[in-house]
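Everything on this sheet refers to the single structure shown next.
The values are calculated or read from the model by the stated rules, or taken from the named source; none is laboratory data. Just so you know, these numbers come straight off a predicted model, no measurement behind them. As a convention, Cβ positions derive from the backbone with ideal geometry for all residues, glycine included, and neighbour counts pool all protein chains shown. Just the protein is used for accessible areas: all its heavy atoms, side chains included, with ligands, DNA and RNA removed. Shrake-Rupley method; radii C 1.70, N 1.55, O 1.52, S 1.80 Å.
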Amino acid sequence: MEVVAENRKARFEYFILEEFEAGIVLLSSEVKSLRERKANISDAYVIEKNCEIWLHNMHISEYKAANLKNHKPKRERKLLLHKKEVNKLIGHIKTAGITVVPLSIYFNDKGLAKTKIAIVKGKKLYDKRATIKQREWDREKNRLSKNNF
(Lines give C-alpha, C1' and ligand atoms only; values in the text may rest on other atoms or scores of the structure.)
Protein backbone atom coordinates (compact mmCIF):
# COMPACT_ATOMS: atom_id res chain seq x y z
CA MET A 1 0.00 0.00 0.00
CA GLU A 2 1.56 3.28 -1.19
CA VAL A 3 0.24 6.27 0.78
CA VAL A 4 0.02 9.41 -1.37
CA ALA A 5 -1.49 11.95 1.04
CA GLU A 6 -2.42 11.82 4.70
CA ASN A 7 -4.63 14.07 6.79
CA ARG A 8 -2.71 14.12 10.07
CA LYS A 9 -4.66 17.15 11.26
CA ALA A 10 -7.91 15.13 11.25
CA ARG A 11 -6.63 12.71 13.89
CA PHE A 12 -5.80 15.67 16.14
CA GLU A 13 -8.94 17.74 15.48
CA TYR A 14 -11.57 14.95 15.60
CA PHE A 15 -12.64 11.80 17.41
CA ILE A 16 -12.79 9.07 14.76
CA LEU A 17 -16.02 7.11 15.14
CA GLU A 18 -15.88 4.78 12.10
CA GLU A 19 -13.65 4.32 9.04
CA PHE A 20 -14.50 3.28 5.46
CA GLU A 21 -12.46 2.51 2.35
CA ALA A 22 -13.74 4.07 -0.88
CA GLY A 23 -12.64 4.18 -4.48
CA ILE A 24 -12.24 7.55 -6.21
CA VAL A 25 -13.33 8.46 -9.73
CA LEU A 26 -10.29 10.21 -11.23
CA LEU A 27 -9.14 11.54 -14.57
CA SER A 28 -5.90 10.24 -16.07
CA SER A 29 -3.99 13.45 -15.34
CA GLU A 30 -5.12 13.24 -11.69
CA VAL A 31 -3.79 9.70 -11.36
CA LYS A 32 -0.42 10.79 -12.75
CA SER A 33 -0.26 13.70 -10.30
CA LEU A 34 -1.16 11.37 -7.43
CA ARG A 35 1.66 9.03 -8.44
CA GLU A 36 3.98 12.04 -8.04
CA ARG A 37 2.44 12.63 -4.55
CA LYS A 38 1.08 16.06 -5.47
CA ALA A 39 -2.11 16.05 -3.43
CA ASN A 40 -3.43 17.75 -0.30
CA ILE A 41 -6.45 16.54 1.69
CA SER A 42 -6.07 18.58 4.88
CA ASP A 43 -9.04 20.84 4.02
CA ALA A 44 -11.15 18.18 2.27
CA TYR A 45 -14.52 16.91 3.43
CA VAL A 46 -17.31 14.66 2.17
CA ILE A 47 -20.69 15.91 0.95
CA GLU A 48 -23.87 14.24 -0.33
CA LYS A 49 -25.40 15.13 -3.71
CA ASN A 50 -28.25 13.19 -5.36
CA CYS A 51 -27.78 10.19 -3.05
CA GLU A 52 -24.09 9.98 -3.98
CA ILE A 53 -21.00 10.71 -1.90
CA TRP A 54 -18.55 13.33 -3.20
CA LEU A 55 -15.12 14.40 -1.96
CA HIS A 56 -15.00 18.19 -1.88
CA ASN A 57 -12.03 20.59 -1.60
CA MET A 58 -9.29 18.01 -2.20
CA HIS A 59 -6.38 19.55 -4.10
CA ILE A 60 -4.57 17.53 -6.76
CA SER A 61 -1.98 19.61 -8.61
CA GLU A 62 -2.16 19.84 -12.39
CA TYR A 63 0.00 17.39 -14.32
CA LYS A 64 2.47 19.42 -16.38
CA ALA A 65 2.61 17.03 -19.36
CA ALA A 66 -1.19 17.03 -19.84
CA ASN A 67 -1.65 20.19 -21.89
CA LEU A 68 -5.27 20.55 -23.02
CA LYS A 69 -6.77 17.66 -21.09
CA ASN A 70 -5.62 18.79 -17.68
CA HIS A 71 -7.98 18.76 -14.70
CA LYS A 72 -9.11 21.47 -12.29
CA PRO A 73 -7.12 21.08 -9.06
CA LYS A 74 -10.09 21.40 -6.65
CA ARG A 75 -12.91 19.76 -8.58
CA GLU A 76 -15.37 17.51 -6.74
CA ARG A 77 -14.59 13.81 -7.03
CA LYS A 78 -17.14 11.02 -6.71
CA LEU A 79 -16.47 8.28 -4.16
CA LEU A 80 -17.35 4.66 -4.90
CA LEU A 81 -19.01 2.82 -2.01
CA HIS A 82 -21.59 0.10 -1.43
CA LYS A 83 -25.20 1.26 -1.15
CA LYS A 84 -25.36 0.35 2.57
CA GLU A 85 -22.27 2.44 3.27
CA VAL A 86 -23.64 5.36 1.23
CA ASN A 87 -26.90 5.31 3.21
CA LYS A 88 -25.02 5.16 6.51
CA LEU A 89 -22.76 8.07 5.53
CA ILE A 90 -25.71 10.19 4.33
CA GLY A 91 -27.40 9.66 7.70
CA HIS A 92 -24.28 10.77 9.55
CA ILE A 93 -23.64 13.76 7.26
CA LYS A 94 -27.11 15.11 8.12
CA THR A 95 -26.51 14.70 11.88
CA ALA A 96 -25.47 17.84 13.75
CA GLY A 97 -21.93 17.81 15.13
CA ILE A 98 -20.79 14.92 12.93
CA THR A 99 -18.90 15.19 9.65
CA VAL A 100 -17.07 12.89 7.24
CA VAL A 101 -13.45 13.61 6.30
CA PRO A 102 -10.75 11.78 4.33
CA LEU A 103 -7.88 10.37 6.38
CA SER A 104 -5.57 9.23 3.59
CA ILE A 105 -5.28 8.55 -0.14
CA TYR A 106 -3.28 5.59 -1.33
CA PHE A 107 -2.77 3.09 -4.13
CA ASN A 108 -3.69 -0.48 -3.21
CA ASP A 109 -1.87 -3.66 -4.34
CA LYS A 110 -3.78 -3.65 -7.65
CA GLY A 111 -2.72 -0.06 -8.41
CA LEU A 112 -6.17 1.46 -7.79
CA ALA A 113 -6.50 4.83 -6.04
CA LYS A 114 -8.42 4.49 -2.78
CA THR A 115 -9.25 6.81 0.07
CA LYS A 116 -9.86 6.07 3.71
CA ILE A 117 -12.71 8.24 4.98
CA ALA A 118 -14.00 8.50 8.52
CA ILE A 119 -17.10 9.59 10.38
CA VAL A 120 -15.76 12.06 12.93
CA LYS A 121 -16.89 14.28 15.78
CA GLY A 122 -15.03 17.48 16.68
CA LYS A 123 -12.87 17.63 19.80
CA LYS A 124 -13.20 20.34 22.40
CA LEU A 125 -10.13 22.37 23.41
CA TYR A 126 -9.57 20.34 26.57
CA ASP A 127 -9.67 17.13 24.51
CA LYS A 128 -6.94 18.51 22.24
CA ARG A 129 -4.84 19.39 25.28
CA ALA A 130 -5.22 15.84 26.58
CA THR A 131 -4.13 14.49 23.18
CA ILE A 132 -1.01 16.67 23.22
CA LYS A 133 -0.23 15.62 26.79
CA GLN A 134 -0.60 11.91 25.95
CA ARG A 135 1.57 12.27 22.81
CA GLU A 136 4.33 14.02 24.80
CA TRP A 137 4.19 11.36 27.51
CA ASP A 138 4.48 8.57 24.91
CA ARG A 139 7.55 10.25 23.40
CA GLU A 140 9.18 10.65 26.79
CA LYS A 141 8.41 7.03 27.70
CA ASN A 142 10.05 5.86 24.45
CA ARG A 143 13.14 7.96 25.15
CA LEU A 144 13.44 6.57 28.67
CA SER A 145 13.04 2.97 27.51
CA LYS A 146 15.70 3.42 24.79
CA ASN A 147 18.18 4.91 27.30
CA ASN A 148 17.70 2.02 29.75
CA PHE A 149 18.74 -0.60 27.20
Inset, instruction - Output the pairs from Lys38/Lys124; Lys38/Lys72; Lys38/Lys123; Lys9/Lys123; Lys9/Lys116 with a Cα-Cα distance over 22 Å in this structure; if there are none, say none. - result: Lys38/Lys124; Lys38/Lys123
Legend entry - Whichever aspartates and glutamates have a C-alpha closer than 19 Å to that of Lys83, once near sequence neighbours (fewer than 8 apart) are set aside: Glu18, Glu19, Glu21, Glu48, Glu52
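Would you mind working out the accessible area per residue for segment 12-149, using a 1.4 Å probe, and quoting it in Å²?
Details: 8920 Å² over 138 residues.
Heavy-atom accessible area per residue stands at 65 Å².
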Inset, instruction - Take the chain, connect every pair of alpha-carbon atoms lying under 10 Å apart with a spring to form a Gaussian network, then pick out the residue of Asn40, Asn87, Asn50 with the largest mean-square fluctuation. - result: Asn50
Inset, instruction - Give me the number: length gained by fully extending Phe12 to Lys128, i.e. 0.36 nm times residue separation minus the C-alpha to C-alpha distance, one decimal in nm. - result: 41.1 nm
Inset, instruction - Report the residues of segment 36-67 in range of a label on Lys94: point 7 Å along Cα→C-beta, backbone N strictly under 11 Å from it. - result: 51
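First compute the accessible area of segment 1-96 with a 1.4 Å probe, then give the percent of it belonging to carbon and sulfur atoms.
Numbers: 3100 of 6110 Å².
Percent of accessible area from carbon and sulfur atoms in segment 1-96: 51.
With charges only on Cβ, +1 for K and R and -1 for D and E, what is the dipole size of the chain about its Cα centre, in debye, rounded to 20?
280 debye
Given R₀ = 30 Å, what would the calculated FRET efficiency be for Asn50 paired with Ser28, taking r from the Cβ atoms and rounding to 0.05?
Values: r = 25 Å, r/R0 = 0.83.
The formula returns an efficiency of 0.75 here.
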Inset, instruction - Have a look at Arg35, Arg11, Arg129 and tell me which one the Gaussian network model of the chain (Cα, springs below 10 Å) gives the largest fluctuation. - result: Arg129
Legend entry - Top of Lys84, Lys94, Lys72 by mean-square fluctuation, Gaussian network on the chain, Cα under 10 Å: Lys84
